[in-house]
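Single-structure report; data block below.
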Amino acid sequence: MSSNQYTAGAVILAAGKGTRMYSDKPKVLQPLLGEPMLRFVYRALDPLFSKAVWTVIGHGADMVRKAFCHEDREFVLQEKQLGTGHALQCAWDKVTASGIDYVLVINGDTPLVRPDSIVRLLDRTAGSGADVGFITLTLEDPAAFGRVVRRHGHVAAVIEAKDYDTAQHGPEPREINAGIYLLKVAAVSPLLPLLTNANASGEYYITDIVELAVRQGLRVEGVECGNDPDLLGVNTPAELMRSEELLRENIVTRHLHNGVHVHAAGSVRIGPDVVIEPGAVIHGPCELYGNTFVGAQAAIDSHCWVKDSRLHPGSTLRNFSHAEQAEIATGAVAGPYARLRPGAVLEQDARMGNFVEMKKAVLRKGAKASHLTYLGDADIGSEANIGAGTITCNYDGVNKHRTVIGEKAFIGSNTALVAPVSIGKQALVGAGSVITKDVEDGELAIARGRQKNLRKTRHS
């Protein structure tokens, strides 16, 4: 971010293990509505700082890199996790080399932070020429957060909870440090080498910069933000659940205000990138994630799970269905109990019924597969009818093969189509057939053993 007065960048601290999460996954990769919490921090910072964002990683560094391998992110490795102050020291060469005036420092476990909160910190600190600024909250239960010590109304220090001594520091305050700082680079550079690990954790704390700045006579601003829950970090499964529920409720409320009909709203989970047009109807419980699009007048019934899929205006996904990287066109209906795997496409007015699974398969306009069917690597022509129990045998143990069925073809129940195979237009395949050869347009194909009826033998 830049203005006429200053330039700024950001450092995200994302190297910690997060032992209280009881997970092998790095804490910043813990998901909220299907997205890692670090991605939410990027969403807040990117509009303000553009490319001047550095992420300090350590525990599970390769996992973090992999999670964001398709994004243009700059990472800094903290090989040994010696505390937040040490993490900032690891990134400081990048900060000073960039030539920025101020650097925002934020924990990667603050997924609900909003750009307007960052702007407030920028205005109160850089806008006024202060050297150090940080956001504070006042909580009924300060828990394990660092305590803000003030003298005569001015910030004197930030003391970590485990190091707070009422005999030494006075009555314990309820004002806590939210872990979001803005530092004037030129002023703070001489302070970083002065950090020590003489504390209960044996770590180098970034919070010590506040007290060092006060001692040096620098201007320090504690920017009070009430008890805003969006500024709290996430350290435990319970806190992750709390943040996810806040996010879920905010997203659902936004869609309601935009004209989406959401029934049983308390049981509907919608990811941050999901687009839903006004007039769409969503019934909970259901889950919509990733880059899913739901058009106007489309309907999603209860107990559905959808990710990275497109439901065009006027389409329907019935109860207990699962769709991933799939597409349902206007007038098409899938379900109940349908599974649309990646590459499944229902064109206009197509029907995919209960207990039907599709993968890399297309039902053309008006085609129907009503029940108990698997269609993999297949192209089903318009107005074709697929009988119950039909299977496209697409895998030979080594390679996948494709099945093509022409328009208005009729596939009888309990048919196995052994790919690669083609069924012509208006062809008819008798029920119970195993088809291994192409069927031409208009032909009738029957491939089953001749029925024999034998008289039962009577025993005395």
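A few comments on the model shown:
- Per residue solvent-accessible surface (Å²) - the range 1-105, probe of 1.4 Å: 46
- Set of aspartates and glutamates with alpha-carbon distance to LYS162 below 13 Å, sequence-local pairs under 8 removed: GLU172, GLU203
- Average accessible area per residue (Å²) across the range 148-285 - probe 1.4 Å, nucleic acids and ligands excluded: 47
- Expressed as a whole percent, the accessible area of the range 185-332 that falls on carbon and sulfur atoms is 51 (1.4 Å probe).
- Between SER267 and ALA97, the modelled label-to-label distance comes to 5.4 nm, taking each label 7 Å out from Cα in the direction of the beta carbon.
- Within straight-line cross-link reach of LYS360, lysines at Cα separation under 29 Å, skipping those fewer than 8 residues along the same chain: LYS66, LYS307, LYS368, LYS400, LYS408, LYS425, LYS437
- When P(r) over Cα pairs in 20 Å bins from 0, in percent is computed from the coordinates, the matching label among [x] 17, 31, 24, 15, 9, 4, 1; [y] 25, 56, 18, 0; [z] 22, 38, 25, 13, 3, 0 is [z].
- Sequentially through the range 297-309, phi angles give Karplus couplings (6.51, -1.76, 1.60; θ = phi - 60°) of 6, 6, 10, 10, 7, 5, 6, 9, 10, 9, 9, 6, 10 Hz, Gly and Pro residues having no value and appearing as x.
- Accessible area expressed per residue, the range 316-402, with surrounding protein chains retained (probe 1.4 Å, Å²): 41
- Using distinct alpha-carbon pairs, which all enter the 1/r mean, Kirkwood radius of the range 9-128 in Å: 14.6
- Electrostatic bookkeeping for LYS80 treats Lys and Arg as +1 and Asp and Glu as -1; over the other residues with beta carbon under 15 Å from its beta carbon, the sum is -1.
- Atom-type composition of the exposed protein surface of the range 378-460 places 48 percent of the accessible area on carbon and sulfur (1.4 angstrom probe).
- 222 nm mean residue ellipticity, helices alone, for the chain (DSSP H n ≥ 4; -39,500 (n - 2.57); rounded to 500): -5500 deg cm²/dmol
- Electrostatic dipole magnitude of the chain [Cβ: Lys, Arg +1; Asp, Glu -1; Cα centre; debye, to 20]: 2140
- ASN385 sits among other residues whose Cβ lies under 14 Å from its own Cβ, and their net charge, with Lys and Arg +1 and Asp and Glu -1, is +3.
- The range 82-185 - Rg over Rh from alpha carbon coordinates, Kirkwood radius: 0.98
- Values of log10 I(q)/I(0), in the order q = 0.15 Å⁻¹, for the range 1-51 under a Debye, Cα-only, solvent-free model: -0.52
- Note on the range 326-460: the C-alpha convex hull projects to 10.3 nm² when averaged across all orientations.
- Under-5 Å amide H pairs with GLN78, H placed in peptide plane, nonlocal only: ILE57, GLY58
- Distance from the alpha carbon centroid of the range 149-177 to that of the range 301-344 works out to 55 angstrom.
- Accessible-area composition of the range 37-175, carbon plus sulfur, in percent [1.4 Å probe]: 49
- Contour excess over end-to-end distance, with Cα ends at GLN451 and ARG114 and 0.36 nm allotted per residue: 114.1 nm
- As a length-normalised measure over Cα pairs under 8 Å and 6 or more apart, the relative contact order of the range 103-224 settles at 36 percent.
- Taking the Cα atoms of the range 208-365, the ratio Rg/Rh between the radius of gyration and the Kirkwood radius comes to 1.22.
The values are calculated or read from the model by the stated rules, or taken from the named source; none is laboratory data. No experiment lies behind these values; they were computed from the predicted model shown. Backbone-built Cβ (ideal geometry, glycine too); neighbour counts: all protein chains shown. We work out accessible area using only protein heavy atoms, side chains counted, and drop any ligands, DNA or RNA first. Shrake-Rupley method; radii C 1.70, N 1.55, O 1.52, S 1.80 Å.
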